[in-house]
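Every number in this text was worked out from the coordinates using simple rules, so none of it is lab data. The structure presented is a predicted model; accordingly, all values stated were derived computationally and were not measured. Here Cβ is always computed from backbone atoms with ideal geometry, including for glycine, and neighbour counts include all displayed protein chains.
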Amino acid sequence: MFQFGKWFQHGLIMLFVWSAVVQAVYANDDREIRLQDISQGSLIYKREGSRTYRQLPVVSTDVNMQITGMILRSRLKQSFSNTSDDWLEAKYVFPLPEQAAVDHMRIQVGERIIEGQIKEKNQARKIYNKARAAGKRAALTEQLRPNMFSNSVANIAPGETVIVEIEYQQLLQFRDGQYSLRFPMAMTPRYMPGGTPDRHVDDNRIRALNSGWLTEQNLRNDSEAISPPVNPGREKLNPVRMQISLESGFPLASLKSAYHDISTSQTGSGKYTIRFAEEVVYAERDFVLSWTPEADKQPRAALFSEQKGADSYHMLMVIPPEQDDSQRQHLSREIVFIIDTSGSMAGTSIRQARKALLTGLERLDQTSRFNVIQFNSYMHMLFDSSQLATPQNINKARHYVRQLRANGGTEMAPALQAALNNQVYDQDVRQVVFLTDGSVGNEAELFGLIRQGLGKSRLFTIGIGSAPNSHFMRKAAEFGRGSFSYIGNVNEVDQKMRTLFRKLESPLMSDLKVDFTGNVPVDRWPERIPDLYDSEPLMLIWKSPGYGMGEVRVQGRRGEIPWQTGFPLTLAGSGKGISQLWARKKISEWMDKRLTGADQQTVRQRIIGLALDHHMVSQYTSLVAVDVTPVRPVNKTLSSKKVPVNLPTGQQYTKILGRMPQTATSSDLQMATGLLLILLGLFSAWIIRHGRTSSCV
């Protein structure tokens, strides 16, 4: 026993010696590190054939927003710094508001600025690739989804910082007496149903791919492009600085950020400057800012105009009169709740969704029918068809909801089909309430399913979590003739669900019509005016030749009560940027026509024409900027690197993408190396001991 103890002691000594040797080998380049050794947010990449990663500075973002009335103008500066010895091409996928009109891009290196030009998408890509190959500095901004964009920046020299500046225009949201903006700063990984993994990927990748969650491998269509690598570490990447200048035009009763601490200073009547309370925050959850006018300053309408060339552009917001409780009608209703229980909902999201659904169940009366459908990799219905909301059925539903857990893929289509197909009861109102983070990559397929199967149902989407796919959520509600709500914190559930159910229980503002006087042709958005729910405004944007003088008249019905109003265009205020908003809305409208049988080539040409005329990024156009002078020597190769993004706050990596990714110094390798070193140490101790024994003989 004593001899074994001495052998083990010798083994430990040899283990430390061998460990020091291995550490020295791995440390031969002070820039080469292991993933688990990273202590700050970093851009990392791995050379071909290397076992270790290289660490680069983060991609940092500075945001400057100017808000005037209903319009937001935003400038993003993304800095790409290269402290490696390689020439780099950086690729960065980032979110923007789904209704953003991206119209300017420039790249800056030192004092040199190169302006971007809007080009047809394939042409822009060819220009960029040619400049990339020639060693010229170049940048390419592309739209992957209406709320997801990418920046590619080529030929960043060792030790160089390249700044890419992007500008966009956005229409603010006004709802329930409150203005708000939402700036997305994180992306939930997208799930794509089906697909066949590349046979060359390793077993761990194949398991992730078979689950449907999009990783770096290309499954089909553009799934690779919309799937940036996800940072698996605890340290955060991509710091963001923000400054907002707000000119509301009226005194405010409140100004608040829902999910970030802010500092606010008032610079005049209705004028404010807003910043993050900390100097920077990391891009891991969406930023939401809202402000409410003082009670006696609540606007009932807003009218703005912009003259651009030979055309006039106008924007009208009208808030229909509120209905008092005595006018409310009791309608027989059927409500189907759909709840997403996929892996991306694990953590805080599923808790928010369960609480929201339980709150919805409490609002049902015994004359209503209801059902609950959950889905992840599979779909399951609480009842075969909707049942009366009796105490017994409600208790059964509560128990069912409390047991729900989040795991697996996001097979959304079967759940939507089940909710829309079971229209068997003759109710006055049939409403589908859909709670999800919308983390799917097959949005167009699902929009088509909703449009074809909607029938007499109305679809209301509720975005759950810190970074829901707002493009999918808003468009799904639009195709479903419902509305979109967003719950980003469990403390908001009661208030947000009460607001939603008040809408569901109120009659619509329907039969809305708009007439334009002045005998001039008008190209308006929306072409078809939707019904409005309680506390929702009517928004109109239109283009007309000349100065478009005359009047716009709006009429409709609130339940059985008629309502109408009119606005002379001479009362319109100045609204810079309305032409961009009109073009963005018309592009979105043409994209929707792809799902209604419109000729695809016609749609493409109309969108390209609108985007080129208004200098905007779209599905078929991109911004490209190229410096004229080559900077990369011909004998230097270019390394292409993807910038990782943070997983949104509250989400769990292993629930979405399987086990943590294996690095070149994986735990399996470390365990094997450690075991080998112990055996070597014990063997060395035995040799030493054996040698001493032999010498004594």
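Structural remarks
- 3J(HN,Hα) from dihedral phi, region 489-497, Karplus parametrisation 6.51/-1.76/1.60, rounded to Hz, x for glycine, proline: 8, 4, 6, 8, 4, 4, 5, 5, 6
- Annotation: amide H-H contacts under 5 Å for Leu96 (H modelled 1.01 Å from N, sequence separation of 5 or more, or interchain): Met148, Phe149.
- Once C-alpha pairs closer than 8 Å and six or more residues apart are averaged by separation and normalised to the residue number of region 332-504, the relative contact order reads 27 percent.
- Between Ser312 and Ser544, Gly546, the built amide H atoms are under 5 Å apart, and every one of these is 5 or more places off in sequence or on another chain.
- HN-Hα J in Hz across region 129-139 - Karplus 6.51, -1.76, 1.60, θ = phi - 60°, x for Gly and Pro: 4, 5, 5, 4, 5, 7, x, 8, 5, 8, 9
- Amide H contacts of Ser84 (H built 1.01 Å from N, in plane; Pro and chain starts excluded): Gly159 sit under 5 Å, all sequence-distant by 5 or more or on other chains.
- Sorting the segments 308-317, 86-95, 271-280, 139-148 by their mean number of nearby beta carbons within 10 angstrom, highest to lowest, gives 139-148, 86-95, 308-317, 271-280.
- Among 356-369, 65-78, 246-259, sorting by the average number of other beta carbon atoms lying within 10 angstrom of each residue, highest first, gives 65-78, 356-369, 246-259.
- The overall shape of region 468-527, judged from the alpha-carbon gyration tensor, is prolate: a/c is not under 1.5, and a/b is greater than b/c.
- Equivalent ellipsoid semi-axes - Cα gyration tensor, region 69-129, angstrom: 25, 17, 13
- Per-q log10 I(q)/I(0), region 332-504, q = 0.10, 0.11, 0.17 Å⁻¹ (Debye; single scatterer per alpha-carbon; no solvent): -0.31, -0.38, -1.00
- HN-Hα J in Hz across region 599-607 - Karplus 6.51, -1.76, 1.60, θ = phi - 60°, x for Gly and Pro: 4, 4, 5, 5, 4, 4, 5, 4, 5
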